[in-house]
Amino acid sequence: QVQLVESGGGLVQAGGSLRLSCAASGNIFSINVMAWYRQAPGKQRELVATITNGGSANYEDSVKGRFTISRDNAKNTVYLQMNSLKPEDTAVYYCNAANYVDDYWGQGTQVTVSS
């Protein structure tokens, strides 16, 4: 089992920045990929960014150049630095950890961007 706890969400004006954190505990050595997803009201959950154990990152097109995913292996923590935020970035952001067999989710953290 892997436990994930997100933090760092909040209310910010358009153009502002936030940094989300996801602290992992438990059987983290089994995890291959960490990711951030988001779900806006009335919409399906969508993938925002992923990072592998080797540090290779990928991003959804709408956040490229604005968001940066990173990880601190010593702290078992993954971050999502979000800059130049837009109202359409408003959503609940979820941390995800996956291996070849299992999929784990955090409880989510609300990000609200005002125009």
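The values are calculated or read from the model by the stated rules, or taken from the named source; none is laboratory data. The model shown is predicted, which means the values in this text are computed figures rather than measured ones. Glycine gets a Cβ as well: all are built from the backbone with ideal geometry, and neighbour counts include every protein chain shown. Calculation scope for accessible area: heavy atoms of the full protein, side chains included, ligands and nucleic acids excluded. Shrake-Rupley method; radii C 1.70, N 1.55, O 1.52, S 1.80 Å.
Comparing Leu20, Leu80, Leu11 in a Gaussian network model of the chain where C-alpha atoms under 10 Å apart are linked, the largest mean-square fluctuation is found at Leu11. Element breakdown for the chain at a 1.4 angstrom probe: carbon and sulfur atoms account for 48% of the accessible area. Comparing Ser25, Ser70, Ser62 in a Gaussian network model of the chain where C-alpha atoms under 10 Å apart are linked, the largest mean-square fluctuation is found at Ser62. Counting only Cα atoms, segment 9-61 measures 37, 20, 20 Å along its principal axes, largest extent leading. For a straight C-alpha distance cut-off of 29 angstrom, the lysines reachable from Lys43 (same-chain residues fewer than eight places away being disregarded) are Lys64, Lys86. Distance from the Cα centroid of segment 82-115 to that of segment 15-77 is 8 Å (rounded to whole angstrom).
Give, as a single signed number, the net charge of other residues whose beta carbon lies under 12 Å from the beta carbon of Ala23, with Lys and Arg counted +1 and Asp and Glu -1. Computed value for this residue: 0. Solvent exposure of segment 26-115 amounts to 54 Å² per residue of accessible area, where only protein heavy atoms count and the probe is 1.4 Å. Reported value for the chain: 96 Å³ per residue, from the convex hull of its C-alpha atoms.
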